[in-house]
Amino acid sequence: MSEIEQCDYYGDEVSTLGERISVARERAGMSQEELAQALAIKSGMLENWENDAAEPRAQRMTMLGGILGVSAGWLLYGMGEGVPAPSEEPAIDEFSDDKIAQMLMVELQDAQEMQRKITKRMMRIEEALGALKAA
């Protein structure tokens, strides 16, 4: 795949800043909490960046790129040094057992984070229903 096609995969028309931050974080084998700690920010702020609810300032963007091993231009626009497009990823049997374990751990952490968010959401809904019944 050519460099232009790779850039198009993560380009502005195809993916968002938040998606590029998220994929770069996952490729670096970091959880949201780990990256937030490395950036000295609250994990909620990083979550907002990944959900495109907010954008990092220039200084944080530079730090993000350095920590994640991608360029700030790639994070912003999908151009420059970034992560390979999915079709360029090696087949799973080309990974070492350690790499597979690391990838599975990232996936497990993401699933656990989603479960925590769903649990919080369900609690808020239950509280709201309880308040309505009490009224």
Residues of segment 47-102 that turn out to be of a type in the set (Lys, Arg), farther than 19 Å from Thr16 by Cβ and at pLDDT 80 or above, as a count: 0
Pair list, Cβ under 7 Å, 6 or more apart: segment 95-121 residue farther than 18 Å from Ala28 by Cα and surrounded by 10 or more Cβ atoms within 10 Å (Cβ to Cβ), other residue among the β-branched types (Val, Ile, Thr) and modelled with pLDDT under 85: none
Helices (runs of 4 or more DSSP H) contained in segment 22-84 and holding at least 3 residues under 18 Å from Glu113 (Cβ atoms) and touching a residue at least 12 places away in the same chain (Cβ under 8 Å): 32-39, 43-50
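The values are calculated or read from the model by the stated rules, or taken from the named source; none is laboratory data. Model, not experiment: these values are computed from the prediction. Ideal geometry is used to build each Cβ from the backbone, glycine not excepted, and the neighbour counts take in all protein chains shown.
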